[in-house]
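What follows is a single structure, written as structure tokens, with notes after it.
The values are calculated or read from the model by the stated rules, or taken from the named source; none is laboratory data. Not measured: the values here are computed from a predicted model. Note that we place each Cβ from the backbone using ideal geometry, even for glycine, and neighbour counts take in every protein chain shown. All accessible areas refer to the heavy atoms of the entire protein, side chains included, with ligands and DNA or RNA removed. Shrake-Rupley method; radii C 1.70, N 1.55, O 1.52, S 1.80 Å.
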Amino acid sequence: MVFSAPSGSGKTTIVRHLLQKFPQLGFSISACTRDKRGRSEENGKDYYFLTPEDFRARIDNNEFVEWEEVYEGAFYGTLKSEVERIWDSGRSVIFDVDVKGGISLKDFYQERALTIFVKVPSIESLRERLKGRGTETEDSLSRRLFKVQFEMGFQDHFDVVLLNDNLEDTLKEAEKIVSDFLGLSQ
Ligand code: ADP
Ligand code: 5GP
């Protein structure tokens with residue numbers, strides 16, 4: 001299950017909820033080169049925080065299923081070892097990746113993957129959510145918003161478009177999508 005969307009759309013909120021609800025799912029911890037967000041993030045839980053040199057070495061070693069320079073100078077990628085770790089534990093993988101990463105994962109896993117594009121009602125609500133999260137500087141906020149228009153253009157490449165307006169409704173809808181895909185619905 002692959003959740004993609006512009007930053008601030010609510011992917012992390014939705015994915016965390018699904019992980020609590022479905023023990024059958026394991027979160028694919030991505031590698032990235034950005035700095036850790038204060039005390040709210042942990043290495044090996046939210047991301048594997050790597051130096052650019054380490055990340056580059058792993059690209060050269062062909063250790064990634066996909067990787068992207070999501071923002072200038074900030075690399076993010078899915079490690080093959082991560083997917084294997086989750087499959088070995090008998091669970092299905094849930095990914096939180098950017099829009100290009102989502103399309104790459106679909107190309108790679110084909111019908112084994114279900115890709116979900118999380119859509120916000122408007123750019124304005126996206127700006128409010130990102131500001132409300134309190135994690136962005138003026139600079140990183142404008143970098144993220146700059147990318148949004150471009151990313152919105154890719155929603156037709158996804159299997160499902162999930163509108164995240166009222167959060168409670170979105171979480172219910174997301175649960176149904178997971179149950180259907182994993183064959184858990186009666
Ligand atoms: P992403 O992982 O896509 O960057 P987050 O899950 O971090 O997005 O959500 C960005 C912010 O928006 C968070 O502060 C989150 O609590 C808030 N948020 C998520 N969904 C909604 C919603 N439906 N309505 C209002 N705020 C939301
Ligand atoms: P953030 O810095 O807000 O944690 O993440 C920024 C963006 O990078 C988000 O859209 C997130 O989904 C994306 N991202 C996280 N991990 C990966 C990954 O492994 N691959 C790709 N392509 N994008 C990722």
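Remarks
- Radius of gyration, Dmax [segment 5-53; alpha carbons; angstrom]: 12.2, 37
- Whole-angstrom gap from segment 61-108 to segment 127-150, using each part's C-alpha centre: 23 Å
- Karplus-derived 3J(HN,Hα), 6.51/-1.76/1.60, for each residue of segment 71-81, Hz, glycine and proline x: 10, 3, x, 10, 9, 9, x, 9, 7, 4, 4
- Stokes-Einstein translational diffusion, segment 17-83 - Kirkwood Rh over all Cα pairs, 1.002 mPa s, 20 °C, in µm²/s: 168 µm²/s
- Counting only heavy atoms of the protein chains and using a 1.4 Å probe, residue 45 has close to 110 Å² of accessible surface.
- In range of the label at residue 182: residues from segment 27-55 whose backbone nitrogen is under 14 Å from the point 7 Å along Cα→Cβ: 27-28
- The fraction of accessible area contributed by carbon and sulfur in the chain is 48 percent, rounded to a whole number (1.4 Å probe; ligands and nucleic acids excluded).
- Set the Cα radius of gyration of the chain against 2.2 N^0.38 Å, with N its number of residues, and you get 0.99.
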